[in-house]
Amino acid sequence: MGIRLPSLLLNAKQAVKMHTASSNRCGVPKGHIAVYVGDIERKRFVVPIAYLNHPSFSALLSSAEEEFGFKHPTGGLTIPCREDVFINLTSKLQSS
């Protein structure tokens with residue numbers, strides 16, 4: 001009875017490639033995350049993962065957690081705030 005380590009590694013590499021390819025098809029580059037923003041009509045934004053550590057963005061994530069928990073209606077991370085507020089915040093984060 002032998003261990004098939006090379007085939008396990010090959011399967012892992014294929015899984016990573018498939019995940020990378022699927023995230024690229026969705027328009028989310030490496031190091032970014034897609035979020036849905038809006039009160040009624042939600043719009044999709046792609047933001048750098050580094051924003052998640054910023055205190056202002058963390059506050060938005062906390063409000064999303066309070067409102068939706070882990071079940072987001074769009075299937076992705078949904079942030080319940082007005083679109084103009086989100087754009088204002090991300091433009092400030094981008095310039096800093």
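The values are calculated or read from the model by the stated rules, or taken from the named source; none is laboratory data. Keep in mind that what you see is a predicted model, and the values were worked out from it rather than measured. Here the Cβ positions follow ideal geometry from the backbone for every residue, glycine too, while neighbour counts run over all protein chains shown. The accessibility values were calculated without ligands, DNA or RNA, using every heavy atom of the protein model including side chains. Shrake-Rupley method; radii C 1.70, N 1.55, O 1.52, S 1.80 Å.
Here are a few things to note about the model shown:
- Any hit, region 60-70, residues being surrounded by fewer than 16 Cβ atoms within 10 Å (Cβ to Cβ) and in contact (Cβ under 8 Å) with a residue 24 or more places away in the chain: no
- Among the residues of region 3-58, those that are open to solvent by less than 70 Å² (accessible area, probe 1.4 Å), small (G, A, S) and either modelled with pLDDT of 50 or more or within 14 Å of L89 (Cα to Cα) (or both) comprise G27, G31, A34, G38, S56, S58.
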